[in-house]
1. Among the candidates PHE106, PHE73, single out the residue that is closer than 30 Å to PHE430 by Cβ, open to solvent by 10 Å² or more (accessible area, probe 1.4 Å) and touching a helix residue (DSSP H, G or I) at 6+ places or on another chain (Cβ under 8 Å).
2. Looking only at the range 241-275, how many residues end up being farther than 13 Å from VAL84 by Cβ, outside any loop (DSSP other than H, G, I, E, B) and either open to solvent by less than 80 Å² (accessible area, probe 1.4 Å) or polar (S, T, N, Q) (or both)?
3. Which of the residues spanning the range 363-381 are touching a residue at least 60 places away in the same chain (Cβ under 8 Å), among the aromatic types (Phe, Trp, Tyr) and in a helix (DSSP H, G or I)?
4. Of the residues that make up the range 143-160, is at least one aromatic (Phe, Trp, Tyr), in contact (Cβ under 8 Å) with a residue 40 or more places away in the chain, surrounded by fewer than 20 Cβ atoms within 10 Å (Cβ to Cβ) and assigned to a helix (DSSP H, G or I)?
5. Quick one: which residue in PHE99, PHE45 is surrounded by fewer than 23 Cβ atoms within 10 Å (Cβ to Cβ), more than 21 Å from GLN367 (Cα to Cα), in contact with an Asp or Glu (Cβ under 7 Å, 6 or more places away or on another chain) and of a type outside the set (Val, Ile, Thr)?
6. Check PHE446, PHE430 and return the single one that is within 18 Å of VAL129 (Cβ to Cβ), over 18 Å from the mean Cα position of the chain (by Cα) and touching a residue at least 60 places away in the same chain (Cβ under 8 Å).
7. Among the residues of the range 188-222, how many are modelled with pLDDT under 90 and either part of a helix (DSSP H, G or I) or under 17 Å from SER401 (Cβ atoms) (or both)?
8. Sort out which residues of the range 400-428 are surrounded by fewer than 18 Cβ atoms within 10 Å (Cβ to Cβ) and either of a type in the set (Asp, Glu) or part of a helix (DSSP H, G or I) (or both), and write them in order of number.
Amino acid sequence: MNKQISFKEAVTILILMLVMLGWGVIGFGLSPQIPVLTVIALLIFWLQIRGFEWEEVMKGISQGISTAIVPIFIFLLIGTLIAVWIQAGIIPSLMVLGFHMISSHFFVPSVFLVCSLVGLAIGSGFTTVSTVGIALFGMGSTLGINPALTAGAIISGAVFGDKMSPLSDSTNLASAVAEADLFDHIKNMMWSTIPAFIGSLLFFFFLGQSNKATSLAGIAAVESSLRQNFSVSFWAALPIIFMFACAWKKVPAIQTLFANIFLSVAMLFVQNPGFKMQKLATLIESGYVSNSGNKTVDALLTRGGISSMMGTVSLIIMTLALGGILMHLGIIDSAMKPLVERLKKPGWLILTTIMAGIGINLFVGEQYLSVILPANAFKPAYKRIGLDPLALSRALEDGGSVINYLIPWGVAGSFVASALGVPVLDFLPFTMFSLLSPVFSILSGFTGIGLKWKQEKVA
């Protein structure tokens, strides 16, 4: 039996796979793990019929998962760090700082800035939108500001914070699948992220000024609860400064995270000498559980711990196993070879990567898959022309995770639309950060500004 997979056969497999994933995630509203597992099972069954050896299938799975061993360990450390940072008052202190930035006369730009800071602090766009975002949305309503504009500012800030936070699972995922260092990835994203951030801020500044005043009572209540239940002080900046210093010095991510965890635990025991080791162990394993009595605070800060990362870890393992099978047995290579062979210029390669991420968001509506599938498809092309993995990881973020918020049937888009009560197509024109990020990333590819090369450019 001919084991060579043809172009038409490979394309058919990939299209059917995308249809099944989209049908499961969008049509039935399932968590992506179930459709991915189903696709793996059917793909294995088809490969057995085609006569492929079981050892080859297992080799593909092993090769796919092996690339995620170190990133998975980093995910577990991130879960630990989030829990310790909350308990030690580091994340609550950042939130308090953000709340002091709220202005009733420059409400929309200040909403964007606050959501950016909160998103950076907690590393979750979903949580930022569904807690602080909802409170700020209500304040915007009292000012009579266009709800779509307020929603756009909230989501833009949340996406920026999620994208640039070392605590974000999507940021860790993009660096992992591209085989790039986490902190180098975050630094490299600034070439597209900072212009998008400034452009968004200017947009919200000119459209979002208000001569009306509004009550900040809701924000004041949250801040009061934070101060009552956590140690809020300027010392909270110490672990954050330390983390940026490690990133600047190019200290490996695992070493940086371990050192930051130890520093934060030391601060925790200094603040609370009676804190028990058993409680610390539970905190690291299960995360922080907030019982402040304030619903917004409790929703924001019941987070972290090793167990909180296991859902993401399981999805990464399954999608990389799927990608490993597709790569090792030549399915992606057969389908993409005619296209990849024509992508000899970095601008067109980055544009195609971003468009692939947008396309998967449209077809499947799943944030993680919009990062993982293009990574598997285009990684060989980036290596072939000599681009650094950082060029790939940035394109994956700018075309994948940030775009999912703009898809009405996407996981992120449908979630924030439901949380804020504004249809996706209404806030889409105002979600400037998500709209500008891919634009600046594509410009970087064609101009070469901020584009990372692994070696001398290959002609």
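The values are calculated or read from the model by the stated rules, or taken from the named source; none is laboratory data. Quick caveat: nothing in here was measured; it's all calculated off a predicted structure. Cβ: placed from backbone, ideal geometry, glycine included. Neighbour counts: every protein chain shown. Ligands, DNA and RNA are stripped out before the accessible areas are found, and what is left, the full protein with its side chains, is counted by its heavy atoms. Shrake-Rupley method; radii C 1.70, N 1.55, O 1.52, S 1.80 Å.
1. Working: PHE73 fails: closer than 30 Å to PHE430 by Cβ.
So the residue among PHE106, PHE73 that is closer than 30 Å to PHE430 by Cβ, open to solvent by 10 Å² or more (accessible area, probe 1.4 Å) and touching a helix residue (DSSP H, G or I) at 6+ places or on another chain (Cβ under 8 Å) is PHE106.
2. Qualifying residue count for the region: 8.
3. PHE363
4. No, the range 143-160 has no match at all.
5. Working: PHE45 fails: in contact with an Asp or Glu (Cβ under 7 Å, 6 or more places away or on another chain).
Matching residue, one of PHE99, PHE45: PHE99.
6. Details: PHE446 fails: within 18 Å of VAL129 (Cβ to Cβ).
Just a single option satisfies the conditions, and that option is PHE430.
7. Our first condition is that a residue be modelled with pLDDT under 90; within the range 188-222, this holds for 206-222.
Pick out the ones that are also either part of a helix (DSSP H, G or I) or under 17 Å from SER401 (Cβ atoms) (or both) and you get 206-207, 217-222.
Adding up the residues that qualify gives 8.
8. Of the range 400-428, the ones surrounded by fewer than 18 Cβ atoms within 10 Å (Cβ to Cβ) are 408-409, 415, 418, 421, 423, 425-426.
PHE415, SER418, LEU425, ASP426, listed by residue number.
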